[in-house]
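Notes to accompany the following structure.
The values are calculated or read from the model by the stated rules, or taken from the named source; none is laboratory data. Worth saying up front: this structure is predicted, and the values here are computed from it rather than measured. Here the Cβ is made from the backbone with ideal geometry for all residues, glycine too, and neighbour counts use every protein chain on show. SASA here: full protein model, heavy atoms, side chains in, ligands and nucleic acids out. Shrake-Rupley method; radii C 1.70, N 1.55, O 1.52, S 1.80 Å.
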Amino acid sequence: MPELPEVETIARQLRDLVVDRTISGFESRWVRLTEPEPADVFAARLRGRRITGVRRRGKFVVFDLDGGEALVVSLRMTGKLLFAVEGVDERYVRGEIRFTDGTALRFSDTRKFGRMAVVDAAALEGNGQSHRARAPLHSSLGQEPLARAFTVAWLRSLLRKRPRAAIKPLLLDQRAIAGIGNIYAIEALWRAKIHPLRKAGSLRPADTLRLHEAIRWALRKGIRLGGASRRDYVDARGQRGRMQREFQVYGRAGEPCPRCGRPVVRTVVGGRGTFHCPHCQRAPATHRARRVR
Ligand SMILES: [Zn+2]
């Protein structure tokens, strides 16, 4: 599932590929792609609009349109935005945005969870508190972890507000921090030497400092490597990322921890497969006691 680095990679590429192109038409091949809006109404809103910018908000790709609206695309599990890519499997193309110059941006999605919406661009700003859930795709998105406003003090205040939350599910909560998914949470917690089940309120100042650095380290590394391609992810040119070659612990159960050499362990936390080093990331005391008994 594409997370911040994958979506950022796609948005940066599309900025070069589609900005200043004018939309001549939109075709939906999957009835739920634009729901609750009927595809013909959706198409009418897009027609004639020029794309003025492409950016990322959380895990969403945002196309700014002239006139103050924005097209928001949620890739979910297997969604791909492909521009001028050869050999696309037609069976999985769910939508197509055509431009006046004859080019097109295609949305391919094997599992059909991806969605599109046209929203008021201003509704995408703010950090969850400032707007109500007017559009379903991006309601109440939290802080951007690569933004300047994501400071150690901000992270500390989040942990204080949610002291009883386990740290890993909290990192995955898009209403708190937007864009972090399973892979980058796992890599960041390993880097910060924090067990995924630690309570947010139990982190000491030094832990919080390391976690803040580790979150940015994991995300920036993912962007630098063009994202992680485990199964489906490809970028807007149809190319795979390289982050999957550089995982420290993700998907490496039984392999030596790159820091201490002891075997990496797979567990399930909040319903998600999780990897950590039991030596570098010590379990919280209550959890240790429970396991001993
Ligand atoms: Zn280790």
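When S28, S24 are checked against the criterion of being surrounded by fewer than 21 Cβ atoms within 10 Å (Cβ to Cβ) and closer than 14 Å to R115 by Cβ, S28 stands alone in meeting it. Residues in the range 182-195 that are open to solvent by 10 Å² or more (accessible area, probe 1.4 Å), closer than 19 Å to R282 by Cα and outside any loop (DSSP other than H, G, I, E, B): W190, R191.
Would you check if A283 is in a loop (DSSP other than H, G, I, E, B), within 16 Å of the ligand (Cβ to nearest atom), of a type in the set (G, A, S) and in contact (Cβ under 8 Å) with a residue 40 or more places away in the chain? Talk me through it step by step, then tell me what you get.
On the way: in a loop (DSSP other than H, G, I, E, B): yes; within 16 Å of the ligand (Cβ to nearest atom): yes; of a type in the set (G, A, S): yes; in contact (Cβ under 8 Å) with a residue 40 or more places away in the chain: yes.
For A283, the condition - in a loop (DSSP other than H, G, I, E, B), within 16 Å of the ligand (Cβ to nearest atom), of a type in the set (G, A, S) and in contact (Cβ under 8 Å) with a residue 40 or more places away in the chain - is met.
Taking the conditions (1) out of contact with any helix residue (DSSP H, G or I) (no Cβ under 9 Å at 6 or more places or on another chain); (2) within 16 Å of the ligand (Cβ to nearest atom); (3) in a loop (DSSP other than H, G, I, E, B); (4) open to solvent by 90 Å² or more (accessible area, probe 1.4 Å) in turn, R240 satisfies each one other than (2).
Every residue, every condition in (1) in contact (Cβ under 8 Å) with a residue 12 or more places away in the chain; (2) under 19 Å from V269 (Cα atoms); (3) surrounded by fewer than 23 Cβ atoms within 10 Å (Cβ to Cβ), yes or no:
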site: W154; (1), (2), (3): no, no, yes
site: K161; (1), (2), (3): no, no, yes
site: A165; (1), (2), (3): yes, yes, yes
site: P169; (1), (2), (3): yes, yes, yes
site: I180; (1), (2), (3): yes, yes, no
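Would the range 248-262 turn up any residue that is open to solvent by 20 Å² or more (accessible area, probe 1.4 Å) and in contact with an Asp or Glu (Cβ under 7 Å, 6 or more places away or on another chain)?
Quick first cut of the range 248-262, residues open to solvent by 20 Å² or more (accessible area, probe 1.4 Å) only: 248, 250-256, 258-262.
Now drop any that are not in contact with an Asp or Glu (Cβ under 7 Å, 6 or more places away or on another chain), which leaves 248, 250.
Yes, the conditions are met somewhere in the range 248-262.
G58 satisfies every condition listed in (1) open to solvent by less than 10 Å² (accessible area, probe 1.4 Å); (2) without any contact (Cβ under 8 Å) to a residue 40 or more places away in the chain except (2). Which numbered condition in (1) among the hydrophobic types (A, V, I, L, M, F, W, C); (2) open to solvent by less than 10 Å² (accessible area, probe 1.4 Å); (3) part of a loop (DSSP other than H, G, I, E, B) is the only one that M77 fails? Evaluating M77 over (1) among the hydrophobic types (A, V, I, L, M, F, W, C); (2) open to solvent by less than 10 Å² (accessible area, probe 1.4 Å); (3) part of a loop (DSSP other than H, G, I, E, B) leaves (2) as the failure.
Output yes when any residue across the range 83-95 is crowded, with 18+ Cβ neighbours inside 10 Å and among the charged types (D, E, K, R), and no when none is. Checking the range 83-95: at least one residue is crowded, with 18+ Cβ neighbours inside 10 Å and among the charged types (D, E, K, R).
Taking the residues in the range 249-278 that are of a type in the set (A, V, I, L, M, F, W, C) and in a strand (DSSP E or B) as candidates, determine which candidate is farthest from the ligand (Cβ to nearest atom). Full working, then the answer.
Kept after step one, since they are of a type in the set (A, V, I, L, M, F, W, C), are these residues of the range 249-278: 249, 253, 257, 260, 264-265, 268-269, 275, 277.
If we keep only those that are in a strand (DSSP E or B) too, we end up with 265, 268-269, 275.
Numbers: V265: 10, V268: 20, V269: 18, F275: 11 Å.
Out of the qualifying residues, it is V268.
Would you confirm, using the coordinates I've provided, whether R198 is within 16 Å of the ligand (Cβ to nearest atom), modelled with pLDDT of 95 or more, basic (K, R) and loosely packed, with under 15 Cβ neighbours inside 10 Å? If you could, list the steps in order and put the result at the bottom.
Numbers: within 16 Å of the ligand (Cβ to nearest atom): yes; modelled with pLDDT of 95 or more: yes; basic (K, R): yes; loosely packed, with under 15 Cβ neighbours inside 10 Å: no.
The answer is no for R198.
Taking the criterion of being surrounded by fewer than 17 Cβ atoms within 10 Å (Cβ to Cβ) and more than 30 Å from A176 (Cβ to Cβ), the residues of the range 31-51 that qualify are V31, P38, D40, V41, A44, R47, G48, R50. State whether the residues of the range 251-259 include one that is under 30 Å from V85 (Cα atoms) and at pLDDT 95 or above. Yes: one or more hits. Checked against (1) at pLDDT 95 or above; (2) away from the ligand (no atom under 16 Å from the Cβ), R210 meets all criteria but (2).
If you go through the range 201-224 and pick out every residue that is within 15 Å of the chain's Cα centre (by Cα) and open to solvent by less than 60 Å² (accessible area, probe 1.4 Å), you end up with 7.
Condition test on L82, is it modelled with pLDDT of 95 or more and in contact with a helix residue (DSSP H, G or I) (Cβ under 8 Å, 6 or more places away or on another chain)?
Working: modelled with pLDDT of 95 or more: yes; in contact with a helix residue (DSSP H, G or I) (Cβ under 8 Å, 6 or more places away or on another chain): no.
No; evaluated as a whole, the condition is false for this residue.
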